[in-house]
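Here is the structure we will look at.
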Amino acid sequence: MRFTTLVDTDTLFRQLDDSCWIVFDTRFVLSDADAGERAYAAGHIPGARYANLDKDLSAPQATNSGRHPLPNPGTLAEKLGQWGVDKNKQVVVYDDACGAMAARLWWLMRWLGHEAVAVLDGGLHKWQDEGKPLTTMTPNILPSHFFPEISDDMCVTADQVEAMLNNMSGQLIDARAAKRFRGEQEPLDKVAGHVPGAVNLPYAENLNIDGKFKPAVILRDRYLNVLKDVKPMDVVHMCGSGVTACHNLLAMEHAGLSGSKLYAGSWSEWITDNRRPVATGE
């Protein structure tokens with residue numbers, strides 16, 4: 001059985017000794033780029049590799065890009081091979097932020113054509129709450145060859161977002177917290193507000209109070225209430241820098257609403273061109 005959206009902690013625990021299962025730790029703190037690696041060194045799920053949002057899952061920021069541009073696909077594919085990933089492997093990704101960082105690697109692997117990838121539901125907190133093991137040992141890795149099959153239609157550019165909104169041909173969903181969307185606070189970017197025409201569905205509201213994703217039927221209703229007659233394939237997700245937007249993509253996929261796209265540059269790229277419109281409020 002392949003897991004393509006979420007996997008529970010008990011299932012992963014039973015597969016820890018299975019060489020066909022590969023685990024990634026993606027813990028990261030935007031205000032402290034080394035915090036995730038320190039946390040990994042202090043204790044991680046046995047067998048987990050560490051993937052850093054800045055160093056591994058993003059390209060360097062440019063003057064006209066967002067804060068976390070998509071990585072070079074060839075470079076990421078080479079790293080995945082060095083981490084032991086190939087087409088026969090089931091990949092599980094976790095963090096300590098209810099999937100906010102893990103969903104980025106989930107999406108990237110799907111972008112490169114690897115569908116057997118799932119986020120650990122409840123993440124590291126649930127794993128620890130259940131008394132499941134951690135280790136400080138780094139895994140012995142048998143490198144493999146990862147051959148990417150890039151799906152360029154999974155992401156869109158700023159120009160495509162503008163065209164979609166001008167033509168009223170789709171729906172843009174912003175995953176940021178409501179106060180950032182409304183422009184009431186902006187802790188990370190130079191301009192506050194949102195893209196006119198976007199609707200706000202904060203990624204945190206995909207989750208129950210225990211940090212697990214809400215049931216698929218609840219998530220389906222959440223998104224359909226906004227989409228109305230818009231087809232999932234005509235939905236584009238964004239956030240601050242193309243990271244937490246992947247959480248909403250994951251939620252839609254888990255709810256059976258497949259085919260939505262990522263605006264990877266997101267708000268931090270949008271505001272690099274002052275000709276692009278900005279809205280505040282609801």
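Mind ranking ILE141, ILE271, ILE218, ILE209 by accessible surface for me, highest first, 1.4 Å probe?
On the way: ILE141 60, ILE271 35, ILE218 85, ILE209 180 Å².
The ordering from most to least exposed comes out as ILE209, ILE218, ILE141, ILE271.
Can you compute the helix-only [θ] at 222 nm over the chain? Use -39500 (n - 2.57) per DSSP H run of at least 4 residues, normalise by all residues, nearest 500 deg cm²/dmol. Don't skip to the answer; put the middle values down first.
Details: 10 runs with 83 residues, N = 282.
Counting only the DSSP helices, I get -8000 deg cm²/dmol.
According to the Cα gyration tensor, what semi-axes, each the square root of 5 times an eigenvalue, does the equivalent ellipsoid of the chain have, listed from largest to smallest in whole Å? It would help to have the intermediate numbers written out before the result.
Details: eigenvalues 184, 78, 68 Å².
Three semi-axes, in Å: 30, 20, 18.
Would you mind calculating the relative contact order of the chain from Cα pairs under 8 angstrom and at least 6 residues apart, reporting the percent as a whole number? Each step should come with its number before you reach the end.
Details: 569 pairs, mean separation 61.9, N = 282.
Computed over the chain, the figure is 22 percent.
When the convex hull of the Cα atoms of the stretch 1-100 is projected onto a plane and the area is averaged over all directions, what value comes out in nm²? List each step's numbers first, then the result.
Working: hull surface 29.0 nm².
Here the figure is 7.3 nm², rounded to one decimal.
Take the solvent-accessible surface of the protein heavy atoms, probe 1.4 Å, and return the percent of it on the chain that carbon and sulfur atoms account for.
In the chain, the share of accessible area belonging to carbon and sulfur is 50 percent.
Normalised radius of gyration for the stretch 123-282, please: alpha carbon Rg relative to 2.2 N^0.38 Å, two decimal places.
For the stretch 123-282, the normalised Cα radius of gyration is 1.18.
Ordering MET137, MET1, MET109 from largest to smallest accessible area (1.4 angstrom probe), what's the sequence? Could the numbers behind the result be given before it?
Working: MET137 135, MET1 190, MET109 0 Å².
My answer, sorted largest first, is MET1, MET137, MET109.
In whole Å, what is the distance between the alpha-carbon centres of the stretch 115-132 and the stretch 1-59?
About 9 Å separates the Cα centre of the stretch 115-132 from the one of the stretch 1-59.
Probe of 1.4 angstrom, ligands and nucleic acids ignored: what's the accessible area per residue over the chain, in square angstrom? Could you put the intermediate results ahead of the total?
Numbers: 12890 Å² over 282 residues.
Ligands and nucleic acids excluded, the result is 46 Å² per residue.
Report relative contact order for the stretch 1-149 in percent, whole number only (criteria: Cα-Cα under 8 Å, sequence separation at least 6).
Values: 264 pairs, mean separation 50.6, N = 149.
Rounded, it is 34 percent for the stretch 1-149.
For the stretch 143-215 and the stretch 242-282, what is the separation of their Cα centres, given in Å?
Cα centres, the stretch 143-215 to the stretch 242-282: 2 Å.
Taking springs between alpha-carbon atoms closer than 10 angstrom, which of CYS239, CYS98, CYS155 fluctuates most in the Gaussian network model of the chain?
Largest GNM mean-square fluctuation: CYS155.
So how exposed is SER58, as accessible area in Å² (1.4 Å probe, rounded to 10)?
10 Å²
If a/c stays under 1.5 just call it rounded; otherwise compare a/b with b/c (prolate if a/b is bigger, oblate if not). Do that for the stretch 94-176, with a ≥ b ≥ c from the square roots of the Cα gyration tensor eigenvalues.
Details: a/c = 3.91, a/b = 1.69, b/c = 2.32.
It is oblate, given that a/c is not under 1.5 and a/b is not larger than b/c.
The values are calculated or read from the model by the stated rules, or taken from the named source; none is laboratory data. Given the structure is predicted, the values throughout are model-derived calculations rather than measurements. Surface areas here come from the heavy atoms of the whole protein model, side chains and all, with no ligands, DNA or RNA. Shrake-Rupley method; radii C 1.70, N 1.55, O 1.52, S 1.80 Å.
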